[in-house]
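What follows is a short report on a single structure.
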Amino acid sequence: MTDTRYESAKAYYAKLGVDTDAAIAKLKEVPVSLHCWQGDDVLGFDHEGPLTGGIQTTGDYPGRATNPEQLMADLELAISLMPGKKKLNLHANYAIFGKDGFVDRDQLEPKHFAKWVEFAKKHNMGIDFNPTFFSHDKVKDGLTLSSPDEETRKFWIEHGKACIRISEYFAKETGIPCVMNIWTGDGYKDIPADRFGPRMRYKDSIEQIIAEPHDPKLVKPCVESKVFGIGVESYTAGSGEFALTFAATHDNVLPLMDNGHYHPTEVVSDKIPALLCFFPEIALHITRPVRWDSDHVVLFDDETKEMAKEIVRCNGLNRVYMALDYFDASINRISAWTVGFRSWQKALLNALCTPHEALKKLQDENRLTELMVMQEEMKVSPFGDVWNKYCEECGVIADATWYDAVAQYEKDVLLKR
Ligand code: RNT
Ligand code: ZN
């Protein structure tokens with residue numbers, strides 16, 4: 001059944017100049033970073049207490065993972081339902097303290113992540129990493145790397161440096177470069193009296209962090225910008241201009257765009273080709289903002305498709321590090337992971353099955369009426385048959401019945417937590 005349908009879809013695409021076999025083969029090689037933090041509402045294992053720092057999860061669906069074993073078990077089920085190549089995205093607050101006991105974030109060492117390395121190796125994944133500048137009592141007055149309090153700032157700089165060392169350890173262990181992303185929620189709720197000072201301190205702090213010795217082929221530091229956060233509506237130190245200019249003026253630092261971090265009518269799909277004109281490599285956080293940076297589960301929607309198309313048609317699949325970043329606590333978390341990852345896989349496959357050359361030609365010849373007709377035609381292409389074939393080749397269930405395994409696990413495991 002899949003085969004006949006796939007053969008007919010393949011013929012449809014071939015007429016447009018698209019080789020669906022090649023699209024499928026290509027996508028199997030493209031890593032997408034899966035964030036560990038959807039599984040436990042971004043809480044991690046290094047502190048008691050709520051998620052703070054301008055980000056929020058909402059909902060109290062049962063079954064949240066509360067320890068490393070649970071989180072790994074949940075991840076394992078999610079991964080088994082996702083086609084394609086995965087990387088694991090960890091946050092520093094997911095450190096696993098063994099018998100030597102707890103250390104604070106400025107003292108973290110590779111050994112605190114050894115279990116994660118084991119997990120990643122078992123699943124053939126590289127690892128990406130994030131220092132955690134939130135949910136901690138040393139966030140002073142909402143500030144970390146931009147704090148006017150030198151002791152506070154120093155603590156967080158040391159945390160960043162420790163994370164560079166851990167990132168290099170991940171890269172060496174897995175043989176795959178580690179993308180290390182710096183995001184802080186530093187900012188002010190109301191009109192600040194000094195916008196320059198915090199940014200100069202933020203700049204100096206990140207410079208000190210990246211001065212920690214590392215091989216730029218193994219560790220890829222990124223700076224993630226944000227327009228505002230909950231409780232820091234008026235000013236964020238790491239604004240768009242700040243992060244972009246920082247990356248542009250420092251060797252081997254990548255800008256990271258999170259598509260929830262801009263004004264609602266701005267689109268990251270348009271920013272991707274702009275940045276690729278200048279940066280050898282860039283990084284993305286893929287999320288779904290609903291009215292604000294709400295971090296809803298990624299769906300196969302128009303802007304998601306458009307971002308994937310830009311990456312593909314800029315020939316940027318090996319220049320853009322793609323990571324998912326969302327957290328929904330109101331639905332089954334394993335399903336949230338799976339739906340989001342599968343949606344981004346669909347978007348990439350859809351992009352790889354788009355006749356970009358033919359469409360560009362229409363644009364360059366100013367045949368914009370026909371361009372519109374073709375773009376609309378592509379929306380009803382037999383893409384689903386290519387998707388089914390891709391899932392089949394990856395050994396995962398193509399249709400929505402993958403959810404049966406999640407429902408069963410919810411009953412057997414999650415509801416008993
Ligand atoms: C917050 C940023 C940041 C976080 C993660 C948990 O708005 O998007 O990337 O979501 O670090
Ligand atoms: Zn993000």
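The values are calculated or read from the model by the stated rules, or taken from the named source; none is laboratory data. It should be emphasised that the depicted structure is a prediction, and the values quoted were computed from it without experimental measurement. Positions of Cβ are generated from backbone atoms using ideal geometry, with glycine treated the same way; all protein chains shown enter the neighbour counts.
Can you pull out every residue in region 24-42 that is surrounded by fewer than 21 Cβ atoms within 10 Å (Cβ to Cβ) and either of a type in the set (Gly, Ala, Ser) or assigned to a loop (DSSP other than H, G, I, E, B) (or both)? ALA25, LYS28, GLU29, VAL30 - these are the residues of region 24-42 that are surrounded by fewer than 21 Cβ atoms within 10 Å (Cβ to Cβ) and either of a type in the set (Gly, Ala, Ser) or assigned to a loop (DSSP other than H, G, I, E, B) (or both). Scan region 284-310 for residues that are more than 11 Å from ligand 1 (Cβ to nearest atom), in a loop (DSSP other than H, G, I, E, B) and not basic (Lys, Arg) and the total you get is 5. Going through LEU415, LEU349 one at a time, which residue ends up being of a type in the set (A, V, I, L, M, F, W, C), buried (at least 20 other Cβ atoms within 10 Å of the Cβ) and in contact (Cβ under 8 Å) with a residue 40 or more places away in the chain? Exactly one residue qualifies, and that residue is LEU349.
For region 92-113, the count of residues that are assigned to a loop (DSSP other than H, G, I, E, B), within 14 Å of ligand 1 (Cβ to nearest atom) and within 21 Å of GLY238 (Cα to Cα) is zero. Among the residues of region 135-169, those that are touching a strand residue (DSSP E or B) at 6+ places or on another chain (Cβ under 7 Å), within 23 Å of LEU284 (Cα to Cα) and touching a residue at least 60 places away in the same chain (Cβ under 8 Å) comprise CYS163, ILE166.
The single condition among (1) within 15 Å of ligand 2 (Cβ to nearest atom); (2) among the aliphatic types (A, V, I, L, M); (3) under 14 Å from the mean Cα position of the chain (by Cα) that ALA308 does not meet is (1). Applying a threshold of 7 Å to beta carbon distances and a minimum spacing of six or more residues, or different chains, the list of pairs starting in region 179-193 at a residue that is farther than 10 Å from LYS226 by Cβ and away from ligand 2 (no atom under 15 Å from the Cβ) and ending at one that is in a loop (DSSP other than H, G, I, E, B) and of a type in the set (Asp, Glu) reads LYS189/GLU233.
On the given criteria, is LYS203 at negative phi, more than 12 Å from ligand 1 (Cβ to nearest atom), touching a residue at least 40 places away in the same chain (Cβ under 8 Å) and part of a strand (DSSP E or B)? So LYS203 fails the test. Summed over region 247-268, the residues that are in contact with a Lys or Arg (Cβ under 8 Å, 6 or more places away or on another chain), away from ligand 2 (no atom under 16 Å from the Cβ) and either closer than 20 Å to PHE228 by Cα or modelled with pLDDT under 95 (or both) give a count of 1. Within region 53-72, being more than 16 Å from ligand 2 (Cβ to nearest atom) and surrounded by 17 or more Cβ atoms within 10 Å (Cβ to Cβ) holds for GLY63, ARG64, ALA65, PRO68, GLN70, LEU71, MET72. Cβ-Cβ contacts under 8 Å between residues 6 or more apart (or on different chains), taken from a first residue in region 360-372 that is closer than 21 Å to CYS314 by Cβ to a second residue that is loosely packed, with under 12 Cβ neighbours inside 10 Å and among the hydrophobic types (A, V, I, L, M, F, W, C), are listed as LEU362/LEU368.
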